[in-house]
Amino acid sequence: MHWRDTAILRYHTETKFLLLHGENLYELFQRYPVRYKGGVCQTNNGPAIPIVYDFGNKESTSNLYGPHTKSQCEPGYIHFRVFNA
C-alpha cells in the first residue's frame, strides 16, 4: 500500500519555514535540539509552524493525544523543540 492511502493524518505547510531555520531539517534540529531536561515546558519552545491538513483536522489530531496532554497541546502546528522534563 502507498503511504498516502494508509496515513492517519496528512498535512503540509505554506510558510516556507525552512528558509528561516537553516533550509533543511538537519539545520533546524541543530538550532533547536531535542534534549532531556533541556528547558521548561511552555517557554523556549522553538518554532511552531501552522499546518494545512490534506487529510484529517485539528479535532482528529487532538483525538490522538493522551488524556493528560490534550490541555498542553495545540493541534494544527508542527513544533520543533519538545522537552522531556
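The values are calculated or read from the model by the stated rules, or taken from the named source; none is laboratory data. Just so it is clear, the model here is predicted, and its values are computed rather than measured. Cβ: placed from backbone, ideal geometry, glycine included. Neighbour counts: every protein chain shown.
Here is a list of conditions, (1) under 16 Å from Glu14 (Cα atoms); (2) modelled with pLDDT of 85 or more; (3) within 15 Å of the chain's Cα centre (by Cα); (4) not small (Gly, Ala, Ser), and His79 meets all of them except one; can you say which number that is?
Only one criterion in (1) under 16 Å from Glu14 (Cα atoms); (2) modelled with pLDDT of 85 or more; (3) within 15 Å of the chain's Cα centre (by Cα); (4) not small (Gly, Ala, Ser) is unmet by His79, namely (2).
Residues being at pLDDT 85 or above and in contact with a strand residue (DSSP E or B) (Cβ under 9 Å, 6 or more places away or on another chain): count how many of those fall in region 22-74.
12
Given the options Leu9, Leu28, Leu18, name the one that is out of contact with any Gly (no Cβ under 8 Å at 6 or more places or on another chain) and not hydroxyl-bearing (Ser, Thr, Tyr).
Numbers: Leu9 fails: out of contact with any Gly (no Cβ under 8 Å at 6 or more places or on another chain); Leu28 fails: out of contact with any Gly (no Cβ under 8 Å at 6 or more places or on another chain).
Residue meeting the stated conditions: Leu18.
I need the full set of residues from region 12-23 which are surrounded by 11 or more Cβ atoms within 10 Å (Cβ to Cβ) and without any contact (Cβ under 8 Å) to a residue 60 or more places away in the chain, in order please. Walk me through how you get there before you give the answer.
Just the residues of region 12-23 that are surrounded by 11 or more Cβ atoms within 10 Å (Cβ to Cβ), to begin with: 13, 15, 17-18, 20-23.
Of everything in region 12-23, those that are surrounded by 11 or more Cβ atoms within 10 Å (Cβ to Cβ) and without any contact (Cβ under 8 Å) to a residue 60 or more places away in the chain turn out to be Thr15, Phe17, Leu18, Leu20, His21, Gly22, Glu23.
Mind checking which residues of region 7-24 are outside any strand (DSSP E or B) and over 19 Å from Tyr65 (Cα atoms)? Before the answer, list the steps.
Within region 7-24, the subset outside any strand (DSSP E or B) is 7-9, 13-24.
Result: Thr13, Glu14, Thr15, Lys16, Phe17, Leu18, Leu19, Leu20, His21, Gly22, Glu23, Asn24.
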